[in-house]
1. Read phi for every residue in region B:63-77 and hand back ³J(HN,Hα) as whole Hz from Karplus 6.51 cos²θ - 1.76 cosθ + 1.60, θ = phi - 60°, with x for Gly and Pro.
2. Would you calculate the separation in nanometres between label points at B:S182 and B:D40, each defined as 7 Å from the Cα along the Cα-to-beta-carbon direction?
3. Students often get this wrong, so check it: of B:K53/B:K78; A:K108/A:K128; A:K62/A:K108; A:K29/B:K143; A:K94/A:K144; B:K29/B:K118, which have C-alpha atoms separated by over 30 Å?
4. Compute for chains B and A the buried accessible surface, both sides summed, probe 1.4 Å, and express it in Å² to the nearest 100.
5. Give the residues of region A:80-105 whose amide nitrogen is closer than 12 Å to a point set 7 Å from the Cα of A:F59 in the direction of its Cβ.
6. Mind scanning B:K203/B:K242; B:K49/B:K188; A:K34/A:K161; B:K176/B:K243; A:K184/B:K184; B:K62/B:K188 and naming the pairs with a C-alpha gap bigger than 25 Å?
7. Would you give the gap between the C-alpha center of region B:1-70 and the C-alpha center of region A:1-75, rounded to a whole Å?
8. Could you compute the FRET efficiency for A:M98 and A:T72, with r as their C-beta to C-beta distance and R0 at 41 Å, rounded to 0.05?
Amino acid sequence: MECVLGVVGRDFAVVAADTSAVQSILVHKTDEDKVMVLDSHKLMGASGEPGDRVQFTEFIQKNLHLYQFRNTIPLSTAAAANFTRGELATALRKNPYMVNIILGGYDKDVGASLYYIDYIATLHKIDKGAFGYGSYFCLSLMDKLYHPDMTVEEAVDLVDKCIKEIRLRLVVAPQNFVIKIVDKDGAREYARRELVGHNAPVEAATTVAA
Amino acid sequence: MARYDRAITVFSPDGHLFQVEYALEAVRKGNAAVGVRGTDTVVLGVEKKSTPKLQDSRSVRKIACLDTHIALACAGLKADARVLINRARVECQSHRLTVEDPVTVEYITRYIAGLQQKYTQSGGVRPFGLSTLIVGFDPYTDKPALYQTDPSGTFSAWKANATGRNSNSMREFLEKNYKETSGKETIKLAIRALLEVVESGGKNIEVAVMTKNDGLRELEEAEIDEYVAEIDAEKAAAEAAKKGAPKDT
């Protein structure tokens with residue numbers, strides 16, 4: 001039921017994910033941040049086995065930091081994506097990580113880029129993508145509404161439409177989402193979309209009789 | 001004596017570990033390095049021996065960043081330094097991964113010292129030929145720290161210290177002139193200590209400053225020259241004042 005999606009716009013990439021932490025019929029928390037800031041200009045949205053997700057993304061993050069300390073320059077997004085895929089591939093036939101990843105980054109020379117990395121170490125460079133049951137709805141929406149060089153407002157609007165569709169059509173849909181953005185100024189949280197929990201709008205879904 | 005300084009580190013009859021002492025000799029031949037701890041700043045300074053004309057000096061970094069809040073300078077065998085620095089960098093990230101917290105300066109110093117000690121008690125290896133000066137800020141108390149390790153694997157915390165060539169003169173100078181400083185005064189003290197043993201000028205010194213908020217910053221050559229000019233002016237003023245005084249005696 002976890003969803004991760006990403007979209008590339010003009011000189012930025014957006015990565016969004018739901019923020020539910022679910023185990024069988026119990027929702028542990030509704031504000032679990034699944035989009036990790038790998039370094040100053042990279043975002044890694046991950047979904048899958050909760051233990052693997054945290055373990056693997058933190059491992060990748062620390063290795064990226066180590067590279068930066070050793071070489072004084074950060075790894076490019078493409079290099080980071082290939083490194084991630086390599087780690088998944090190495091572990092695949094021994095002790096696989098059940099994690100699906102959307103990796104978004106910004107490099108000065110290349111601009112914004114987005115990578116699709118699934119748990120069996122498939123790597124694709126993409127403009128738009130999604131994981132999870134939500135992808136059944138998101139991908140079609142993106143096919144219809146995406147165009148190259150979107151502005152931040154257009155891209156976030158597309159993500160919002162995807163979120164709306166997931167909330168509407170997915171049984172046991174995740175209610176809360178986090179949207180993060182990476183551009184020349186760095187990777188940061190852009191917004192949260194919350195229907196449940198402390199920060200949800202108070203009036204929620206009740207209608208008042210006239 | 002000659003029988004006890006073979007390729008492995010074993011005790012001599014009078015309790016010396018000659019290999020370790022010879023490693024300290026290697027340190028004494030290395031370039032001068034100084035570290036000074038202030039109230040809000042820690043400074044590392046290293047002597048830059050004249051670079052050959054065809055060498056790209058940017059590829060010879062004497063002060064290494066171990067993590068965002070820890071830096072290291074060393075004196076001795078540079079190749080050994082590379083190995084030690086690499087292991088320390090991995091340990092810094094490893095620590096962050098396993099306990100989700102950055103290392104304290106003491107932790108990473110203890111780790112490096114532990115590594116150096118291991119190589120004084122293993123078969124078929126020689127000790128690391130370098131002493132390190134490790135500076136940083138404690139991530140929990142925000143206090144600046146300066147530590148030194150040596151080839152024997154001992155480490156201790158210092159307010160100011162020097163290692164490498166002419167370290168005794170520098171340490172004497174620091175003992176005489178140390179006082180609690182902050183910001184620019186700390187930088188000046190470090191540069192003054194280095195200038196005791198190094199030829200004057202920004203070309204011959206590499207200085208890095210670490211603060212709590214801005215991490216490690218290498219000073220530009222021009223900046224160092226500014227400090228050197230200030231120091232020279234102060235020295236000249238002190239000399240002039242001294243010359244003025246004898247009227248009383």
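The values are calculated or read from the model by the stated rules, or taken from the named source; none is laboratory data. In this text, all values refer to a predicted model and were calculated from it rather than measured experimentally. Cβ sites come from the backbone with ideal geometry, for glycine too, and all protein chains shown count toward neighbours. Side chains are part of the model used for accessible areas, which takes the heavy atoms of the whole protein and leaves out ligands, DNA and RNA. Shrake-Rupley method; radii C 1.70, N 1.55, O 1.52, S 1.80 Å.
1. Values, residue by residue: 10, 10, 8, 8, 7, 5, 10, 9, 9, 9, 10, 9, 10, x, 6 Hz.
2. About 0.5 nm, to one decimal.
3. A:K29/B:K143; A:K94/A:K144
4. 900
5. A:84-99
6. Among B:K203/B:K242; B:K49/B:K188; A:K34/A:K161; B:K176/B:K243; A:K184/B:K184; B:K62/B:K188, the Cα-Cα distance tops 25 Å for B:K203/B:K242; A:K184/B:K184.
7. With region B:1-70 and region A:1-75 each reduced to a Cα centre, they are spaced 41 Å.
8. Details: r = 35 Å, r/R0 = 0.85.
Efficiency for this residue pair is about 0.75.
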